[in-house]
Amino acid sequence: MSELEPPIGPTVAAQLLESRRITPEKAVEVRHLTLRVADPAFQFVEGQSVGVVVPGPHPFGNPYHLRRYSIANARPRPEDETVALDILVRRCFYIDEISGERYPGIASNFLCDARPGQDITLSGPYRSPFQMPQDKTANLVMIGTGTGVAPFRAFAQLIYERRGGWDGQVRLFYGGRTGLDLAYANDEETNLADYYDQASFKAFKSLASNSLMSSSDALQRGLRENLDEVWGLLQAPKTHVFLAGLGKIAQVLDKVMSERAGSVEAWQSLKQGMIQEGRWSELIY
């Protein structure tokens, strides 16, 4: 943590409507939170994030702590009188490099412990590298791990629930350390594999085969198992790639695609072309 927190800018009051654990008790805790903002001036679009302001005091004398979370639902409808937004929160802990002691993450534990009716201060929304193409014939390739699936849920809601469908192909490649990590995607009300239009949407979920395999390792296996599917889409001139998750996810994708392309240079040439054409976006944390 830095000695001084960055300025938070304008804030807005929100109320926690629902906090639902989406992983079983014996798994790492991940919760789906729904917040309501009464101020109609607070608006967001898919792919953006909000800051959660945790009141202090905190280490180094900071009066507040700020943590950003991707919004996991589509923008408000014009007829909505209040703004509701969903976020995914994984209860986190970190190890002090000097003492070796384990400490709870400030924002994640604050949110996981919050109860419905509690007031929570938000900042933002913040700009995102993720921008939905206007062309409904474009292909969307979404690749993520862990709670990185949040903005992809918002995209799926927008194009299938709000816009009534998508003419291009939409693919989600998602890696989880265990099947419990995929509980959110398996929820019958928000199932990204079954809830949306099967004519254009497919989700490929890959699980870790042992306790030592990370979510990125699982994603790597899933990409290899469906290599022809993703490689074919990457050749199309209307394909947009969205990458979200931990830093290693980009390394995984580069490794798998370099092997398929025949060399690192060939893959980087294809990737750089997509970047220059505005068809490549990353949200890495």
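Some points to look at:
- Converting phi to 3J(HN,Hα) with the Karplus coefficients 6.51, -1.76 and 1.60 and the offset θ = phi - 60°, the range 261-271 yields 6, x, 6, 4, 5, 5, 5, 5, 5, 5, 5 Hz in sequence order, with x at every glycine or proline.
- Exceedance of the 27 Å cut-off in Cα-Cα distance is limited, within the set 136/202; 248/271; 136/255; 202/255, to 136/255.
- Couplings 3J(HN,Hα) for the range 249-260, derived from phi with the Karplus relation 6.51 cos²θ - 1.76 cosθ + 1.60 (θ = phi - 60°), are 4, 5, 5, 4, 4, 4, 5, 5, 6, 5, 5, 5 Hz, where x marks Gly and Pro.
- Ranked packing of 76-84, 229-237, 142-150, most packed first, by mean Cβ within 10 Å: 142-150, 229-237, 76-84
- In a simple Cβ point-charge model (Lys, Arg +1; Asp, Glu -1; nothing else charged), the range 11-125 has a dipole of about 240 debye relative to its Cα centre.
- Rounded if a/c under 1.5, otherwise prolate or oblate - the range 1-123, Cα gyration tensor axes: oblate
- Among the trypsin sites (Lys or Arg not before Pro) in the range 21-54, those located in a DSSP loop and surrounded by at most 14 other Cβ atoms within 10 Å of their own Cβ are 26.
- Among 69, 126, 174, a tally of other beta-carbon atoms within 10 Å of each Cβ gives an order, fewest to most, of 126, 69, 174.
Read-outs: derived from the displayed coordinates by stated rules, not from any lab. These numbers were taken from a predicted model, which means no experiment stands behind them. For neighbour counting, all protein chains shown are included, and Cβ atoms are generated from backbone atoms with ideal geometry for every residue, glycine included.
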